[in-house]
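Comments concern the structure below.
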Amino acid sequence: MVSTLETRQAVEEISSDYKYGFVTDIETVKAPKGLSEEVIRFISAKKDEPAWLLDWRLKSYKKWLKMEEPDWAMLDYEKPDFQDIYYYAAPKSADDRPKSLDEVDPELLKTYEKLGISLQEQEVLSGVAVDIVFDSVSVATTFRKALKEKGVIFCSISEAARDYPVLMKKYLGSVVPAADNFYATLNSAVFTDGTFVYIPKGVRCPMELSTYFRINEANTGQFERTLIIADDNSYVSYLEGCTAPMRDENQLHAAVVEIVVLDEAEVKYSTVQNWYPGDKNGIGGIYNFVTKRAACRGLNSKVSWTQVETGSAITWKYPSCILQGDGSVGEFYSVAITNNYQQADTGTKMIHIGKNTSSTIISKGISAGKAQNIYRGLVKVMPNAENTRNFTQCDSLLIGDECGAHTVPYIEAKNPTSQIEHEATTSKISDEQLFYCLQRGLDVEESVSLIVNGFCKEVMQQLPMEFAVEAQKLLGISLEGSVG
Amino acid sequence: MTAKNHLGGLKFKAQFDLWGNSLPRSELDWVVKLRHESMAKFLQFGLPGPKVEAWKYTNLGQLNSGNYELITSADNVVNEMGLLENLKGSKVIFTDGFYNKASSTIESQNGVKLLSLNDYLKDFPEAAQKILNKNDDDSSLQSLNTALMTGGYVLFVDKNTTLTAPIQILHNTTTSSENKSIATKCFIDVQENSFAQIVEIFIGADEQNYWRHHVTEAIVSENAVLEIYQIQEEGKKAIHTADTHVDVGQRANFKHYSLNLGGKISRTEIKPTLKGLQANVDLRGAFLGRNGNAHDVFTHMKHLCPEGTSDQIYRGVLDKGGKSSFQGKVYVAKDAQLTNADQSNKNLILDRNAEANSKPELLIYADDVKCSHGATVGELDADALYYLKSRGLDQNAATALLVEAFVSEVYEEIKLEPLRSKYLELALNWLSKEHKK
């Protein structure tokens, strides 16, 4: 977008502060800084984990020690010092868990209120069960009862390790193996908490499951691990949302999400990611190195990833689908917005293995300020994947002349009956569109937000109601400080 | 670039130590020095391995493990294998990488200087040093090419000069090419308001196992036009790598057509840099592969100045045992506003045992640009096939017709007539061979 100096200034004035930047003052229990076998044993003991899980962690740790941090992404950042990170921090009251919301630390509740996710309100009004991860330990879980009636298991992963060892042993690491990649392996060694979901055969989960993440303690790595299993003929929609307080130091976030989908089942996974992106000068911000992968193991199984990525200083994230089952379907809808000095290298992988599998990729990248936004995606068709169908569309929007938008798709086909299409465009907000909006009385900021929302419409439509409103606002907020 | 993930290259070093002093122009100290420096530069990295991103789909392991020897001389006997008869103009023939004077005919024209690289090194040492010592190699293979070069040509076209006929450059082989590495190099300088067309043919026998490595460095100055037409019909066992680097000036125009048919491994790299305002580059090509052909087309379009336009159209057809990859990168620098860059790569897979890879890449740092790319992989349209069959064509004829249409899109706008029909004829021959199987 060719902009005038005035609009830049006008916009910069509005954009000074990160709206969700505040720190809650709650005492936490920490493991010593740095990573060693002792720290892993400490985490495991704190979590009261069975021996097999500790073994699994230690094996991962040993593998991790031999691995090298990847450098193929188009990202420029200072590599984290893995010995300068706290690998465990739990709210102090964790040993004595609250029985109901009334017993929850009031200060914690206030934090949620500031974020607009009051538990009571949600419990009563919205019907969304929230498993809140506040610095790594689940503090409160609601609606568990209603879910239990249906046989749905929705709990923290540490609980699952204790209570559902059969499922955990069978599926943990079965989609993202312990030694999958540098950050996933690190996560396997040190994951502190996360969510476990099991939807039994034939059950349609009665509500949307949601976890709000918060990183709160300075210098704490957030190593979440999520495992979702959808058994035959089941359905679940899972929401993941993140906001994080203002920080000056870079924080590392290396999560792993594994999804297993069996015959005729469907999982919809939606993310709004709004970790602290760093300030206007690129200082601070979260490093978000996430491994997300779904295995469609069953016949006609389906996974749909929807993500709205607005936060983080560095994003490295490729929610993927392994389409093993015949007739399985993978979808990836993504909006990635980068502003100021943010860098995002994100996309997806669709691996077609089964027959008659199909995948859709819609990616919208918006780059403003001095940011770099990269779509990187792979569509791979194995020799036996008959009648595979893929459609990919990657559109990039550039706002300002100091940012970059890049597209790096990989297409690898080994079957003659496959049909793969890829389209990509890069453009700016046209002067005509902007003029039209301004003429109707909108200011520059509103106009840009409106146009960008239009640009992203195909993806935003995929978001569940609960997220759609928040996400639309976020698009606007994220682009503050860019140019009109 | 880091040395990590590169394969060694010590076998080439050993060959160089043995035979380096027998390479052409070893009587000139500066040439010997240049060769040694280039060899050292090559060894910093060695051959690119499959973990190097740009070589993801092509494995040069065979170059590293095979014991390719240097070729230091060739007999000057007439060899016109592969020559296009119906093309007027100068004909420059390289046999086994050496200038074949007996077979070549150079027509003189005012303002046009066309001579063999080795003559140029001897007769114009100062100018030659200037060109060769630029020290801007962007790959280790380019450095190796300088270290081992056996021959090549130099073409200068003065200001306001239009070549009266295209120049035909033919690279062929003899039985002496067995197990040899053949490195050729050429320089093309088309000055302001001039026009040049070059037809470059690479051909070899199926029996010989050789590595042909060809590097072209070209400059197209203001308002000038350079068109390069390449046909690659190397032998079945050959490894063929051809790099083209070209600087395109203000309002200059560069066109590159290619057809890849042969070779066990063929890699065509084209790297145009749009250095002037409103420069224009068109790249067109097709690759047809079967029976162990692995075609790799790698383009890197660098838009450095405003208002440039570039367009790329590549078509691949893969039959039994064929493999291809297309990697097309478009880079738009921060200052290259109002750039318009398009790219399209479509691939047809005709057989179960075939593979097509495509990696179109956009790297955009300017905001007021229009850039797009499209890539598809698929089989022939069943409806179209059905339509033709219902009109009485058999399966093979219907397939051939559709594939012909698919490929001909690449060459339809060629105005140099013998070339346009040659391209289509070669593609058709390839298709008809398919149906004999």
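Just so you know, all these numbers are worked out from the coordinates, no wet-lab data involved. Here the structure is a predicted model, which is why all the values come from computation and not from measurement. Cβ atoms come from the backbone with ideal geometry, glycine included; neighbour counts cover every protein chain shown.
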R0 of 60 Å, Cβ-Cβ distance B:Lys320-B:Asn133: FRET efficiency to nearest 0.05: 0.80
Sequence of A:Ile429, A:Ile40 once ranked by neighbouring C-beta atoms within 10 Å, starting from the fewest: A:Ile40, A:Ile429
Helical mean residue ellipticity (222 nm; -39500 (n - 2.57) per DSSP H run of 4+; nearest 500) of chain B: -7000 deg cm²/dmol
Amide H within-cut-off set for B:Ser194, under 5 Å, with H built and near neighbours excluded: B:Asn160, B:Thr161, B:Ala224, B:Val225
Volume per residue that the Cα convex hull of the range A:310-382 spans, once the total is divided by residue count, Å³: 62
B:Ala382 versus B:Trp19: modelled label distance in nm, points set 7 Å from Cα along the beta carbon direction: 5.4
Global size of the protein assembly as shown as Cα Rg and Dmax, reported in angstrom: 30.7, 98
FRET efficiency for A:Leu438 and B:Leu277, using Cβ-Cβ distance with R0 set to 30 Å, rounded to 0.05: 0.45
Residues with amide H under 5 Å from that of B:Val246, placed H, sequence gap 5 or more: B:Ala218, B:Lys271, B:Thr273
Average partner coverage of A:398-405, which counts Cβ from other chains inside 10 Å: 5
Average beta-carbon neighbours from other chains, 10 Å sphere, peptide B:345-358: 4
Cα-based equivalent ellipsoid, the range B:161-297: semi-axes from gyration tensor eigenvalues, Å: 29, 15, 12
Antiparallel bridge percentage (DSSP; both residues within the protein assembly as shown; nearest 5): 10
Rh (Kirkwood; distinct C-alpha pairs) - chain B, Å: 22.2
Charge tally in the Cβ shell below 15 Å around A:Leu58, where Lys, Arg are +1 and Asp, Glu are -1, A:Leu58 excluded: +3
Cut-off under 5 Å, modelled amide H: who pairs with B:Lys329 long-range: B:Thr299, B:His300, B:Met301, B:Glu361
Mean-position separation - Cα centroids, the range A:249-283 and the range B:300-370, in angstrom: 31
Debye, to nearest 20: dipole size of the protein assembly as shown, +1 on Lys, Arg Cβ, -1 on Asp, Glu Cβ: 2460
Residue order, fewest to most surrounding Cβ atoms within 10 angstrom, among B:Trp430, A:Trp316, A:Trp52: A:Trp52, B:Trp430, A:Trp316
Distance between modelled label sites at B:Lys51 and B:Ser108, nm, 7 Å Cα→Cβ extension: 5.7
Rounded FRET efficiency, nearest 0.05, which uses the C-beta distance separating B:Asp206 from B:Val32 and R0 of 35 Å: 0.45
Pairwise Lys count, the range B:382-437 - Cα closer than 27 Å, eight or more residues apart or different chains: 6
Size of charge dipole - the range B:1-124 - debye, nearest 20, with Cβ of Lys, Arg +1 and Asp, Glu -1, no other charges: 520
Per-residue Cβ neighbour rank within 10 angstrom, fewest leading, A:Arg389, A:Arg225: A:Arg389, A:Arg225
GNM top mover of B:Ala375, B:Ala242, B:Ala286 - chain B, alpha-carbon springs below 10 Å: B:Ala375
In nm, spacing of pseudo-spin labels at B:Lys236 and A:Asp71 (7 Å Cα→C-beta vector): 4.4
For the range B:70-196, alpha-carbon Rg and Dmax in angstrom: 15.2, 44
GluC sites (Glu not before Pro) lying in DSSP loop within the range B:52-106, provided at most 16 other Cβ fall within 10 Å: B:Glu80, B:Glu85
Shielding by partners - mean other protein chain Cβ count within 10 Å, residues of B:50-59: 1
